[in-house]
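Before any comments, here is the structure.
The values are calculated or read from the model by the stated rules, or taken from the named source; none is laboratory data. Please read these numbers as outputs of a predicted model, since none were measured by experiment. Cβ: placed from backbone, ideal geometry, glycine included. Neighbour counts: every protein chain shown. SASA here: full protein model, heavy atoms, side chains in, ligands and nucleic acids out. Shrake-Rupley method; radii C 1.70, N 1.55, O 1.52, S 1.80 Å.
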Amino acid sequence: MNEESGLDRLLAQGRRLDPDRTLCVLFAPAARRAELLALVLLNQELARVAETVRQPLAGAIRLRFWRHQLAAAASGAACDHALARILAEPLREGRLPLPELEVLIDARESELEGLLEENWVPTGPRPSMAALEAHVRATSGGLARAMARLLGAPDAIVTAAEAAGTAYGLVGLVRAAPFEAARARRIRVRSLLDAAGLDPGGPRRTEDRDRLCALARSLLGRAEAAIRYVRAEGGPTDRACLAPFLLATVAEVQLRALQRVGCDPYRLPARPGAALLPLRLLYAWLRRRA
């Protein structure tokens with residue numbers, strides 16, 4: 001397979017599994033797109049672990065596989081997975097520090113905690129807003145941080161990239177509520193429904209819907225604060241580093257759409273603002289500001 005066809009396959013996978021981040025990657029330099037897409041798809045692989053394995057131990061083994069693959073890639077050893085092979089060069093060269101990826105794995109390991117092996121029923125107290133935000137910061141924020149590192153963003157603004165990813169993840173948590181309601185298994189630190197104390201199936205009464213919308217409003221307020229932080233920091237002046245910061249623009253488009261429907265995720269279109277989003281991102285890229 002030549003380099004161009006390999007990139008096309010990554011793009012096809014990215015558009016199917018993570019269209020928003022993949023769109024942002026298209027604003028990165030062509031020479032870095034395959035590496036960035038590998039990061040995006042690695043995040044998808046890690047996120048799927050707790051969703052698909054039958055027992056927490058199996059999930060831990062799968063995450064250990066990824067830990068070993070990435071360590072091997074960083075050391076120059078042979079890798080069994082195509083994504084690890086794509087990331088091997090930036091890992092060896094230090095453009096993508098291995099600890100940035102280990103943080104993503106650590107966060108996904110925490111998703112396996114608090115689940116009973118027999119039936120995967122969530123146990124323990126409901127997650128707080130602070131716990132949800134912390135998990136999103138480690139996962140979605142951590143991915144944006146790794147993307148910024150890979151693009152060579154200065155240390156001074158890497159935290160702003162993390163904030164952009166966090167804002168996008170928090171909005172995504174609200175948008176995902178109806179889909180989580182339909183799932184046979186929910187992961188507490190990803191579920192607004194569990195934070196609201198709602199049974200599987202979602203809100204059935206008016207007061208349930210009101211409680212869900214109130215918590216959604218709180219999470220969206222945290223997302224707005226993260227977007228303000230990104231804008232206050234200014235982001236990169238070099239367009240080559242801008243891709244992960246554009247997640248703040250995506251988050252703002254989706255956040256405003258949620259606010260227009262009273263922060264009720266059940267009234268939101270599947271991909272709000274998708275038709276005009278490429279133009280919004282192009283405008284942000286031309287201005288060199290998310």
Q: Work out the length of the dipole vector of the chain about its Cα centre, built from +1 on the beta-carbon of each Lys and Arg and -1 on the beta-carbon of each Asp and Glu, and round it to the nearest 20 debye.
A: 820 debye
**Q.** Part-to-part distance (alpha-carbon centres) for the stretch 133-149 and the stretch 79-109, which is given in Å
**A.** 14 Å
Q. Looking at the stretch 186-254 from every direction and averaging, what is the projected area of its Cα convex hull in nm²?
A. 5.9 nm²
Q: Return the single residue from ALA270, ALA74, ALA164 with maximal mean-square fluctuation; model: Gaussian network over the chain, springs between Cα atoms under 10 Å.
A: ALA270
Q. Among PRO127, VAL53, ALA248, which residue has its Cα positioned farthest towards the positive end of the charge dipole of the chain, with +1 placed on the Cβ of Lys and Arg, -1 on the Cβ of Asp and Glu, and the dipole taken about the Cα centre?
A. ALA248
**Q.** Directionally averaged projected area (convex hull, Cα atoms, the chain), nm²
**A.** 14.7 nm²
(Q) Per DSSP helix of 4 or more residues, -39500 (n - 2.57); summed, then divided by the residues of the chain. What does that give at 222 nm, rounded to the nearest 500? (A) -22000 deg cm²/dmol
Q. Taking each full run of DSSP H in the chain as one helix, which ones are at least 27 Å long along their axis (Cα atoms) and have mean Kyte-Doolittle hydropathy of at least -1.0?
A. 30-52, 56-75, 129-150, 155-175, 206-233
Q) Around PRO269, with a cut-off of 15 angstrom between Cβ atoms, what is the net charge of the other residues, counting Lys and Arg +1 and Asp and Glu -1? A) +3
Q.
Just to confirm, what accessible area per residue do you get for the chain at 1.4 Å probe, in whole Å²?
A. 45 Å²
Q.
Between GLU89 and SER5, what's the calculated FRET efficiency when r is the beta-carbon distance and R0 is 30 Å? Round to 0.05.
A. 0.95
Q. Taking the Cα atoms of the stretch 24-109 alone, what are Rg (to one decimal) and Dmax (as a whole number) in Å?
A. 13.1, 41
Q | Convex hull projection area averaged over all views, the stretch 117-229, Cα basis, nm² | A | 7.9 nm²
**Q.** Euclidean distance of C-alpha centroids, the stretch 169-220 and the stretch 224-269, integer Å
**A.** 20 Å
Q | Kirkwood-Stokes translational diffusion coefficient of the stretch 246-290, alpha-carbon pairs, 10 °C, 1.306 mPa s, µm²/s | A | 145 µm²/s
